[in-house]
Structures are given as structure tokens and as C-alpha cells.
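**Student:** Before we start, here is the structure in question, set down as C-alpha cells.
The values are calculated or read from the model by the stated rules, or taken from the named source; none is laboratory data. The model shown is predicted, which means the values in this text are computed figures rather than measured ones. Positions of Cβ are generated from backbone atoms using ideal geometry, with glycine treated the same way; all protein chains shown enter the neighbour counts. The area values use the complete protein model at the heavy-atom level, side chains included, leaving out ligands, DNA and RNA. Shrake-Rupley method; radii C 1.70, N 1.55, O 1.52, S 1.80 Å.
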Amino acid sequence: MSTVITEPAVDVVVLGLGTMGGLVATQLAVDGYNVAGIDKGPFWDFTQDFSQTKYDEWGTTIMKKYDHPLPLFTTTMRNYSNQFALPIRRYTVSQFPANGHGVGGAAHHYSGGMGRTGAWNYTEASSTASRYGPNFLSTTVPNADLFDWPYTYTEMDPYYVTYEAAWGMSGTNMGPLVPMSQNFPLPPHPTTPLGAAFQTATEALGYSPFPVVSALASAPYMNSYGVQVNECVYDGWCSCSPCYPCETGAKANTAARAVTAGVGTGKLKLALNSYIFRINTNQSTGLATSVSYYDAAGNIHVQPGTAIFTGLWTFNQYNLLAKSGIGKQYNPTTVTGALGRGACNNGSSGTGRTVSGTLPIGYANYQAGNGAGGGFQIYDFADDAIDHTGMAQPGIGGPSLSVGSYTGNAPSDVSVAVGGTVNTIGSTWKATQKNKYIHSSTTVSLAGSGVTVPTTDLLLDLDPFYSDYYGDPLTRFTETYNNNSVGVANLITPLLQPILTKMGCTNITMGAAAVNGNSQPSSYSIHVRGGGRVGASPTYSCYNAWHQSWDVNNVFAAGELQNTTGCTVTPGTHTIGPMAYVAVDGIKQYLKSPQLLTGQP
Amino acid sequence: MAETSAKPMEPAKDRRSFLKIGGGVVVGAAVAGVATIAYYNGVVGSNNSSSSSTVESLSSQLANTQSQLSDTQSSLSNAQSTIGALNSQLSDTQSSLSNTQSSLSSAQSSLSAANSQNAGLNSQLSQTQASLTSANGQVSSLQSAVTSANGQISTLQGQVSSANAAITSVQAQANTLQASVDNFTAYQTLGPNEVTLINAIASTFIPTDSNGPGGTQAGCSYFIDGQLSGKYGVSGHMYMQGPFIFHDLTTAVTPTETPRIFTAANGQVYTVGTNTTFSAGTMKTVPDNGMRYQYNFNLRYFWHLGLQALETYANKAYGGNFENLTSANQVKCLQDLANNVPTQAAFNDILPADFFYELFFMVYSGFTMDPMYGGNKGMVGWLLTGNNGVNMGNFYGEGYTTKQIMLMTNPPILKPVSLGQYQKGSP
């Protein structure tokens, strides 16, 4: 029989010490609150744990030696409710959702590609209705499940700035289409010749290129928590689809930016290698009282707290809330309930459309550079910048485009290894592998695409057949794609051809028009978003504008589960940043005056 | 003409023979007429005492003679005309003769010049002959130099041959030494038949050829053995709880396991309801998908069953063990697996395409992953792809930094560095 240990009560129990939990725990401790931070993994010491062993494609990419171990738990998946959902049993390359494990979370191994999402994303639903009419998407995506976020981009700007200062982001700013009250705190990384060519061409065409935004420090930096940050050494073993951790601390994550400072205040105590399995609630008060977790020996700990913050990764947060009975489970047949509603992933049922051309600019795939730097980006076709009026097939959103980032951000032999076919046998095929790390020309490709639109058939629920290591149900993901992007691709891609012409590309090829299809996702990525959304109403959302649970008012949450809609720029690295600080403000208000909060951040 | 209308007369002596030039016939006729007149004048002088019959006869003869005179005069006129023509021809002839003489003179002059040239050419010929003789002499000495050089080449070739033999011998010794210091000179898990088969598979995917050593030489079998002996083999990195239901099923699925009914603290109940049949089977996947492996045994056993099934199929379809097939049939046999030619039931209940995925995945990884795992021996995989491994630009003193390399448009070929070398810190 395992022992039950009750820990001393704290003001706030923080679940997960990744990007969300690490910042919330640190900020609250710095602001004088008693915090208990719990994580299922270890506290990696980047000065020791990565420097001699990360240069190992097999161990890092396939055996995932730094990441979440699947025997602990995984996710089951299907496309339709009348299918049996199967568990993801191992990591592959196309399915690399290497969940984080330990303090710093998945940001140990991300590419570090950042970027605020533009103002339009926060009011997608009402902006589309007012500009194009309330039925704009009804033929393309009849079951669209779109709502506005409960706050605006302008309201988020100061929180973005706080996050950017804590992270030490490199760049200038994002130009006039994504206005920022302050520039990024660190300068951009050196520009590649290809990036410079893109910058020159887009400027000449009247667009507003800006250096790609990076979470890798471009210079030594003392951040807002007093943590000294080292600059990037550009060793190239950096990017995500291998998933390399950073041995210098230049890659921003809460282990290298925050938690040490939080612990240093004396107000933050850590429980590591500890697997959280319940938020305990009092059914008569309707409030959470404590959190239960297993330690590495299998003992149960109970950690009481006045408020609870979950920064667990998307599916993991859903799983804990569902098991803990926090929120009404979504039913896609009746479209009732909000917990598990709106979870979606980037992708399209139809085909896309790309325009590409060749430039005689050589490059190497030698491991050099980092996962996010060197290139330039334009927001001029993103969001609703291009008029969607009169589209042959309606769709919303538009792409943010970048060209020229470092090409040697990770080795790529394993991505060939998982691509065996009848044609990858023998000397003729072997010859195609010769010197493929060295190139004498570049293909530049640009593509128009829409934003991810959640639909009412999407579902997160608890799996009835599969269990985690401790016997609790796994999360089951029912996901489809839709055709929102198809019309957008056909609207925008032709507008991109002049950029390639201006760059001096030859062999410019415009792909065939995008067409509707019925392609469905065959995997999920770490950037699944939605499922426990923030929103103005509890009918379709789990959290209000302060990231406070409608159902259990002393539970707060931040992360991609809270994404109300899909966003033009991957939210899971940058747009979730301000969420953590909004939740901090909400928690402080709650602790001062325990109630359901009103008003706006 | 006169001679055709001339009356018959006593034939005279033909005196045309000395004047047979041009119209000799006409002249001859005229001369004959004159001669006849001269004969007749003598006859008339000696016969004065003749009678009138003689006068008649003479008058008749005179008429005839006058007629003949007329003819002769006509002939004379013709002859004179002919003489004129002949004179003209003579003149032409003389002119031609004159030209001919002139040409002859030129020709003589040319001949003279030619003779002079001939004399010069003869002189040159003479010199050339002398040079030729000299050249022949040089050729001769060069030929003997060539012969001598050929002899040296022969000797050198012999030396190269010996050197090559020595290199081969030393290489063999080095391989033996390499093997003796190698971590993976023993197989921890694979049986000898499996090793033979895996080497044949590795060499089929990646042959040794002009682009370098192939899968066997690179040690793919050692890489695979190492993985099968560790976490990969026991599927320690995988979620291995049941139920085990297959991927990409298009027919209805009714699990035999009883679904759990989970009740959350707020009373929320999670259940599939009374219907536990999933009419649309399981999700469509792509080969590189973590949902594909739904076998209820670990990867070591998966390989054991798959290799066994492959040998059975090779014998059935191509008449022998895989490792003994022709190269062409080895390729076809692997392609048959990718195309699910053998049924799953005939393949130890493993989907052949799933085993094909794993074979290529592990062979290519064995070829290109860090040598510390037993494959990519001598970094031959990286030498093929151009992967620099952990060479940050200056491991061999090349003098580059990663910051330079990341901006290069004309990158140099960097010699690869393994993690072991990197940790050691020097070549």
C-alpha cells in the first residue's frame, strides 16, 4: 500500500514547470507568494546534461532521451466517432510530438521560432462576420466553431512585452501590421544571403519585411528575473523536428530564464519526477482544495493550495481536468459542454497551392546556425490583410511568410530513414544520397494558406480502453480537417509570384489550383490548440478573460488548450506567453478577493 | 560543175597528180582540157589540104574545143578561186605555224625554267635525303630509349603491384585490428542466420559500389543488434498496454476488452455507451506513424518473426534463402514486402509493409547514425551524404566557425567528426 503524504499548504500550486508553469511559479514567487511547483520530469542542468551528449541524432530524435517517456502515458487518436481510437505507441519523425519532460518543458528542444499573432486572430469571428457577412464560411465550413477571444490584441500587448523581456527575444519588431509598444529586447541574428534577397525584394515591392523572431539569444543578456543569459553559439543542433536541447542556455525556456530565480526567492519549492493525477475539489464549496501526485517511488502526495494553476501541455491539462471533474464534458452530437470542445491542429482536407522558383544561392545542411534566425518575414498577406470579398470559395486567414532561415539547424538523416519505399533500394537510389548536405542552389517556395478553423465535430474525451501507467484513462483525440484553406490558397498564392520574380528566381512554377478534398490528419502535432478555451461565455469556453475556470473558480490555466481559435502564427511558442501573465494577474486578484472575476486584462 | 556536164572525149594523161591540193579534181580537169587543146592545134596544122568535110569536122571540133575552153576557163576560175582559198589557208597555216613556233619558244623557255627547278629540287631532294638519313638515325636511338623506358615501366608496374598487394595485406591487418578494438565485434542478440540475412538485406538496400562501402561494410548488422539488445528491442521507449487492435482497418472493430466506465469527481461519466462496435474500423495512417506498431510483442520478437517470415517467403517465391538469391531477386523480394505481396497471415501475422518500414528504417539508421552505436563504420554513411557530424568547422584545423558556415553560399566539404571524437576533443 503506497503512503499518502500531505504537503504544507501554499498560496498557489503550479502544475507543470514548462513555459506556462515555470513563468507563473517564478512570477508569483518573485511577487512574494508561496508557491509549490510540480513536474513529472527532472530539472535538467543544461551545463552538464546536454553539452557532451546531445550531438546524437538517434538518441535524441528516435529514442527521445530528453523527452517525455511514452510508457507513462500517451494519447489515442481517430478521425471519426465511429472509429476505434488507437494509441500512439512510439515516436516517429513525422509524429514527433515530443512532449516536454522536466523543468523547461518542451521549450528545451523547440526551434525557438517566435512571433506574436496579429490583432485579427483575437476577433476572427466578429471581424469575418462584419466584413464579409455572418454566413461567409457556411458553405466551406458549415460546422465552424468560431468565437472571439475574450480580450483584444491591444489588451495583450503589455503582457507580450513582459514575456518577451523574460525570454530575451531576438529581432527588431514585426512591422506596422503587428504593432508593438516595445521592440524585442535583443537584436536579430546575422542575416543569410537568401534572407537578404527576400528582404530586398519584398521591400522593393512595398511590403514590410522584418527579421524572423527568435527565442535564441543573439547577445549576452540579463533578463527581467536577473538571470544571466548566454548568447547563441550557432552550433546547429537546435531545431525541433529532431528536437535538440541547448547546452548554453541561449535557447529560452523556464529552466534557463526563470525557475532558478523563483527558487532563489525561497518562496518556490519544487516537486520533481512527480506525476500529477488529480485536482481535488470540494463538491459543496465548488472549489479545488489540493493536488494529488505520485512521486518516483509511487507514494501519493497531497499538496493543498488556495489557488491552482495548470500549465500542463494541452492534452495533459484536458486529461487532468476531465478526471478531476472540472468542467462539463463536450458532447459533439448535442453541441453542449465546453471541456474538450474546439481542439484542432494545423492542416487542410484539401490540397494546397505553392509557387516556387530557383536561385543560384548555395548553402550547406551542415549543423550550423540555429532553429530560428537568419531569415526575413512578411505579415503583408497574413490574417485578413488581403480582401477576401468575392472569393470563389470562401475561407479566412492568410499566411505569414518567411524565407532564408539557417539551413543547418539539425541533421536530417533520420528523416530519410523513415521514408523507405520500393524506390529506395540499390545503387541508383544510393547515388541520390551523395553529398546531399551540400547544395549549389536554393528552391524558394511560398504558399498561401488560411487559419485553422475549429469545427463542432472535434473532440477531446477520456479513452474507454487505454490507461496510463497508473491505470487512469488516456486522452482520446477525435480530429478532422476542413477545407477552409483551399480558397485562401487560390486567392493568395498567385499574389506571391511577383516576390519570386523580384528576387530573380528562375524556373518559377505556379502549382495547380488547390482543390477540396477529404484528407484527414494521420497524427497530431505538439501544437494542437483548443479544447479548454478562453471565452466570454461558459457555453463554449472553460475559462474567462482572466484564464479563470468558469466551473471551479480557483483553478487557472494557460497554454494552447486555452486557444479560442487557430492563429496565423503558431501560438504555442509566443502567443501563449502573455496568457501566463494574464493568469498571474487573475490569480493575484482572486487571492485578494476570491470570486468569479470580471473585467478585462 | 564542168566535169559533170563535159562531153565524152579521149581520155588524156592524168597530169593532176603533181597538184593534188585542195580541189585537185577541178584543176586536173582544166589541165586535161588545155592539153587536149594543144593536141588538137598540132593536128589542125598538118591537115591544110583537107576538104570541107575536114572544115566541118574542124568546126565541130572547134565548137567542142570552145566549149571545152569555156569549161576550162570556168575551171581555171574555180581553180584560181581555190588557189585563193588555199593561199588564205596557207596564210592561216603560216600564222598557226608562227604561233606554234612562238608557243614552242615559250615551251622551250618553260622547259628551261623547269629544268632549272628540277635542278633546285634535285638539290633539295638531296638535302632531304640527308635529313631523312639523319632522322632515321634519331628514330633509331629514340626507339632504343623507348625500349629502355618500357623496361623501367615494367619494373615499376611490378613494384606497384607488390605495393598494392602490401596495401591489401595491411588493410586486412588493419580490419582485423579494427575488429579487435571494436565494441561491436560480437553479436549480443542476433543469431548467425539472422546476421547473414540482415547483412544481405543491408547490402541490397545499400550496396557497396563506386559511391563507397555499403550496408554490410558500414556495420548495419551491429547497429541493429545493439538496438535489439537494448531499449529498442524490449520496446522500452514505447507504450505497450493493450488492447492490440490493428491500424488502417476498414471493417468494423468490436474489442473483446470491456470498456471502462470512468466517473469523475463531479459525477461526470465517461463511457462509450452500450455500443462497443466501431463501424468504421481504425484510422488511416501513413507508414511513418507512431500508431502503426500495434503488435502485442516487443521489437526484438517482431524482428525474429519478420526475418523468419522473409526467409520463408524468399524460398517460396524465389526458390532459395534471401541471402542466396540473385541481386535482382533480392531487390524484388524486398519490394514485394513493401507492396504486401505475401499476405499478413503468411508472414507470421505481421503486415509485410510494416516489416519493410522497419527494415529500411534500421538499415539506413545503421548506415548514418553516430558510429558509437556500431554502424556508420569509418563514418562511411556521412562520407556519402556529406554530413559533417560534429565537425563545427575547425576540428581538423579547417579554420571555419559555425557562424561563418551558416552564411556560406559555397560551402567546403567538411570531413565528418563522430561524437566520440568530439568528446575526446581532438582528431
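**Student:** Which of A:Lys251/A:Lys588; A:Lys251/B:Lys424; A:Lys54/A:Lys251 have a Cα-Cα distance over 21 Å?
**Tutor:** On the way: A:Lys251/A:Lys588 29 Å; A:Lys251/B:Lys424 26 Å; A:Lys54/A:Lys251 14 Å.
Cα-Cα > 21 Å for A:Lys251/A:Lys588; A:Lys251/B:Lys424; rest within.
**Student:** Using the beta-carbon distance between A:Thr285 and B:Thr250 and R0 = 41 Å, what value does 1/(1 + (r/R0)^6) give for FRET efficiency, to the nearest 0.05?
**Tutor:** Values: r = 51 Å, r/R0 = 1.23.
Between A:Thr285 and B:Thr250 the formula returns 0.20.
**Student:** A further question follows. Per-residue ellipticity at 222 nm for chain A, helices alone: DSSP H runs ≥ 4 residues times -39500 (n - 2.57), over residue total, nearest 500 deg cm²/dmol? Can you show the working numbers first?
**Tutor:** On the way: 12 runs with 119 residues, N = 601.
-6000 deg cm²/dmol, from helical runs alone.
**Student:** Taking A:Lys269 as the anchor, which aspartates and glutamates have their alpha carbon closer than 16 Å to its alpha carbon, excluding any fewer than eight residues away along the same chain?
**Tutor:** Straight-distance partners of A:Lys269: A:Glu7, A:Asp11, A:Asp31, A:Asp39, A:Asp295.
**Student:** Would you grab the residues whose amide H sits under 5 Å from the one on A:Asp235? Only those 5+ places off in sequence or on another chain, please, with H modelled 1.01 Å from N.
**Tutor:** Sorted by chain and number, the residues that satisfy this are A:Gly369.
**Student:** Can you give the extra length, in nm with one decimal, that the chain gains between A:Asn135 and A:Val302 once fully stretched, where that is 0.36 nm per residue apart less the Cα-Cα distance? Intermediate values should be presented prior to the final figure.
**Tutor:** Values: separation 167, 0.36 × 167 = 60.12 nm, distance 5.02 nm.
This chain segment gains 55.1 nm when fully extended.
**Student:** So, R0 is 41 Å and r is the distance between the beta-carbons of B:Asn340 and A:Thr443; what FRET efficiency does that work out to, to 0.05? Working shown, then result.
**Tutor:** Values: r = 34 Å, r/R0 = 0.83.
Once rounded, the FRET efficiency stands at 0.75.
**Student:** Let me ask something else about it. Quick check: Cα centre of the range B:109-159 to Cα centre of the range B:262-333, how many Å?
**Tutor:** The range B:109-159 and the range B:262-333 have Cα centres spaced 83 Å from each other.
**Student:** Excluding same-chain residues fewer than 8 positions from A:Lys502, which aspartates and glutamates have a Cα within less than 12 Å of its Cα?
**Tutor:** A:Glu203
**Student:** What residues have an amide H closer than 5 Å to that of A:Val213, excluding those fewer than 5 places away on the same chain, when H is modeled at 1.01 Å from N in the peptide plane?
**Tutor:** Amide H neighbours of A:Val213, under 5 Å, 5+ apart: A:Met114.
**Student:** Mean Kyte-Doolittle of at least 0.0 plus a Cα span of 18 Å or more along the axis: flag which DSSP H helices in chain A meet both, please. All intermediate terms of the calculation are to be shown ahead of the outcome.
**Tutor:** Values: long enough: A:153-167 (20 Å, -0.66); A:484-503 (30 Å, 0.81); A:577-592 (24 Å, 0.15).
Helices passing the filter in chain A: A:484-503, A:577-592.
**Student:** Follow-up question, since we're still on this one. Please report how far the C-alpha centroid of the range A:88-134 lies from that of the range A:441-469, rounded to the nearest whole angstrom.
**Tutor:** The range A:88-134 and the range A:441-469 have Cα centres separated by 10 Å.
**Student:** Residues of B:386-395, mean number of Cβ from any other protein chain within 10 Å of their own Cβ, rounded to a whole number? Spell out each step's value before the answer.
**Tutor:** On the way: counts 10, 11, 10, 5, 8, 2, 9, 4, 0, 0.
Across the residues of B:386-395, the mean count of other-chain Cβ atoms within 10 Å is 6.
**Student:** Would you tell me the mean number of C-beta atoms belonging to other protein chains that fall within 10 Å of each C-beta in B:253-264, as a whole number?
**Tutor:** The shielding value for this peptide is 4.
**Student:** Roughly how far apart, in whole Å, are the Cα centres of the range A:532-592 and the range A:193-215?
**Tutor:** 34 Å
**Student:** Find the eigenvalues of the gyration tensor of the Cα atoms of chain A, then list the square roots of 5 times those eigenvalues as equivalent ellipsoid semi-axes, largest first, in whole angstrom. Walk me through the numbers on the way to the answer.
**Tutor:** Numbers: eigenvalues 264, 156, 121 Å².
Those come to 36, 28, 25 Å.
**Student:** While we're here: Cross-link partners among aspartates and glutamates for A:Lys430, C-alpha distance below 15 Å, same-chain residues fewer than 8 apart left out?
**Tutor:** Within reach: A:Asp413, B:Asp209.
**Student:** If the limit is 24 Å between Cα atoms, which of A:Lys64/A:Lys323; B:Lys231/B:Lys377; B:Lys231/B:Lys284; B:Lys284/B:Lys332 go over it? The partial results should precede the final answer.
**Tutor:** Numbers: A:Lys64/A:Lys323 28 Å; B:Lys231/B:Lys377 22 Å; B:Lys231/B:Lys284 28 Å; B:Lys284/B:Lys332 27 Å.
Result: A:Lys64/A:Lys323; B:Lys231/B:Lys284; B:Lys284/B:Lys332 exceed 24 Å.
**Student:** Beyond 59 Å, how much of the Cα-Cα pair distribution for the protein assembly as shown remains, as a whole percent?
**Tutor:** Details: 159391 of 527878 pairs.
Within the protein assembly as shown, distances greater than 59 Å cover 30 percent of Cα pairs.
**Student:** Then there's this: Need one number: nm distance between label points at A:Thr172 and B:Ser162, each 7 Å from Cα along Cα→Cβ, rounded to one decimal.
**Tutor:** Label-label distance for A:Thr172 and B:Ser162, simple model: 7.2 nm.
**Student:** Just to be sure I understand: if you take the accessible area of chain A alone plus chain B alone and subtract the pair, with a 1.4 Å probe, what total do you get in Å², rounded to 100? Please list the in-between numbers first.
**Tutor:** Working: alone 21950 and 27420 Å², together 41370 Å².
The summed interface area works out to 8000 Å².
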